[in-house]
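In what follows, a structure is listed as structure tokens, so that the remarks can point back to it.
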Amino acid sequence: MKNDNIIIKNDINLPKILLIIPFGACNNIFDSFLNNFDGYCLIFYDMNKENLFDPYITLKKQSTSIIENLKSHGIDNFELIFSISLGGILAINIFSNNELSIKHCIIDSTPLLNLDKLKKLIVQPKIINMVDDIEIIIKENPYIFQKISQNAIDILKKSSLNSIKSLSEEILSFDFPKIDITRQKNLVFRYGTDDLCYQSIKTLKSTYRKSTIYVKANYKHCQEFIEDNSKYIEFIKSIINN
């Protein structure tokens with residue numbers, strides 16, 4: 001079943017899981033959920049259905065759009081919202097919003113930073129250069145690019161410098177939404193120590209003090225989810241069933 005930007009799998013009356021397919025990811029990146037959560041209604045929102053860069057659609061606006069879309073179809077009461085990488089920014093924005101009822105939020109390898117001006121001046125060019133050097137990065141990180149769509153790579157290459165700067169600004173100046181202490185206990189983060197996004201942890205620990213942060217030594221961006229997917233699925237089940 002398809003409703004605008006959302007795809008619904010299984011009976012809508014079953015317990016619900018909301019999955020945000022991050023920009024760049026192949027649309028089958030969450031196929032493991034289809035195979036392992038047949039007792040749930042899986043609701044997918046695909047960031048790749050939005051033209052993120054021409055013109056640039058802010059991640060905050062995309063979060064609001066998802067909430068409004070779900071509400072317009074009377075879809076609510078989620079056991080879990082889950083995403084990786086950029087999709088995690090949408091997930092935490094949606095989880096923090098009181099318009100939808102969501103029990104658990106798990107995000108992985110998500111860049112959640114709020115840098116001062118000097119650090120931003122240092123880091124922002126690195127993000128822009130990553131786009132310019134995308135072919136080199138593909139060769140250095142083959143594990144993740146098996147799950148990256150060629151279409152997304154082409155879009156990045158064609159994107160304007162202003163659009164990439166706008167995206168990096170959102171990542172480096174993330175406006176951490178308020179989440180009350182009780183709900184923070186149902187907020188879970190996962191990072192690999194070799195991931196650039198691992199730098200988010202210091203701010204997360206001070207901002208969401210009651211949340212849980214898991215760290216995987218020597219893992220890169222989204223590597224754990226991609227390479228240890230069956231174990232990862234069991235972890236997600238344990239969170240939902242706790």
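The values are calculated or read from the model by the stated rules, or taken from the named source; none is laboratory data. The structure displayed is predicted, hence computed values, not measured ones. Positions of Cβ are backbone-derived with ideal geometry, glycine not excepted, and every protein chain shown enters the neighbour counts. Each accessible area value is taken on the protein alone, full model and side chains, heavy atoms only, with ligands, DNA and RNA left out. Shrake-Rupley method; radii C 1.70, N 1.55, O 1.52, S 1.80 Å.
What number of residues within the stretch 37-57 satisfy the criterion of being modelled with pLDDT of 90 or more and not aliphatic (A, V, I, L, M)? Can you show your working first?
Step one: filter the stretch 37-57 for residues modelled with pLDDT of 90 or more, giving 37-45.
Still in the list and also not aliphatic (A, V, I, L, M): 37-41, 44-45.
Selection size over the stretch 37-57: 7.
Per-residue answers, yes or no, for (1) under 16 Å from the mean Cα position of the chain (by Cα); (2) more than 23 Å from Ile29 (Cβ to Cβ); (3) modelled with pLDDT of 75 or more:
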{"residue": "Ile107", "(1), (2), (3)": "yes, no, yes"}
{"residue": "Asn114", "(1), (2), (3)": "no, yes, yes"}
{"residue": "Leu118", "(1), (2), (3)": "no, yes, yes"}
{"residue": "Val123", "(1), (2), (3)": "no, yes, yes"}
{"residue": "Lys147", "(1), (2), (3)": "yes, no, no"}
{"residue": "Ile153", "(1), (2), (3)": "no, no, no"}
{"residue": "Ser160", "(1), (2), (3)": "no, yes, yes"}
remark   = If we keep only residues of the stretch 58-83 that are touching a helix residue (DSSP H, G or I) at 6+ places or on another chain (Cβ under 8 Å) and of a type in the set (A, V, I, L, M), then the residue nearest to Phe174 (Cα to Cα) is Leu59
task = Kindly check whether there is at least one residue in the stretch 91-108 that is among the aromatic types (Phe, Trp, Tyr) and in a strand (DSSP E or B).
result = no
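Please pick out the residue among Leu118, Leu70 that is in a helix (DSSP H, G or I), of a type in the set (A, V, I, L, M, F, W, C) and open to solvent by 30 Å² or more (accessible area, probe 1.4 Å).
Details: Leu70 fails: open to solvent by 30 Å² or more (accessible area, probe 1.4 Å).
Of Leu118, Leu70, the one residue that is in a helix (DSSP H, G or I), of a type in the set (A, V, I, L, M, F, W, C) and open to solvent by 30 Å² or more (accessible area, probe 1.4 Å) is Leu118.
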message = With the requirement that a residue be in contact (Cβ under 8 Å) with a residue 60 or more places away in the chain, open to solvent by 20 Å² or more (accessible area, probe 1.4 Å) and closer than 20 Å to Pro22 by Cβ, what does the stretch 184-242 give you?
response = Arg190, Leu196, Gln199, Lys220, His221, Gln223, Glu224, Ile226, Glu227, Asn229, Ile239
task = Would you please name the residue that is most open to solvent (accessible area, probe 1.4 Å), looking only at residues in the stretch 5-53 that are more than 16 Å from the chain's Cα centre (by Cα) and among the β-branched types (Val, Ile, Thr)?
result = Ile12
Filtered residues of the stretch 102-111 (kept if in contact with a strand residue (DSSP E or B) (Cβ under 8 Å, 6 or more places away or on another chain) and open to solvent by less than 20 Å² (accessible area, probe 1.4 Å)) = Ile102, His104, Cys105, Ile106, Ile107, Asp108, Ser109, Thr110
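Would you point out which residue out of Asn97, Asn69, Asn77 is among the polar types (S, T, N, Q), at pLDDT 90 or above, touching a strand residue (DSSP E or B) at 6+ places or on another chain (Cβ under 8 Å) and more than 29 Å from Ser230 (Cβ to Cβ)? Please lay out each step first, then the result.
Numbers: Asn97 fails: touching a strand residue (DSSP E or B) at 6+ places or on another chain (Cβ under 8 Å); Asn77 fails: more than 29 Å from Ser230 (Cβ to Cβ).
That would be Asn69, the only listed residue that is among the polar types (S, T, N, Q), at pLDDT 90 or above, touching a strand residue (DSSP E or B) at 6+ places or on another chain (Cβ under 8 Å) and more than 29 Å from Ser230 (Cβ to Cβ).
Can you find a residue in the stretch 37-54 that is in a helix (DSSP H, G or I) and closer than 25 Å to Arg183 by Cα? Quick ask: steps written out before the conclusion?
The first filter runs over the stretch 37-54 and keeps only residues in a helix (DSSP H, G or I), leaving 47-49.
Add one more test, that the residue is closer than 25 Å to Arg183 by Cα, and what stays is none.
Checked the stretch 37-54: no residue is in a helix (DSSP H, G or I) and closer than 25 Å to Arg183 by Cα.
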query = How many residues are closer than 23 Å to Ile128 by Cβ, of a type outside the set (Gly, Ala, Ser) and surrounded by 12 or more Cβ atoms within 10 Å (Cβ to Cβ) when one looks only at the stretch 152-183?
reply = 11
In the stretch 77-101, the residues that are touching a residue at least 40 places away in the same chain (Cβ under 8 Å) and either open to solvent by 10 Å² or more (accessible area, probe 1.4 Å) or charged (D, E, K, R) (or both) = Asn77, Glu79, Ser85, Leu86, Asn93, Ser96, Asn97
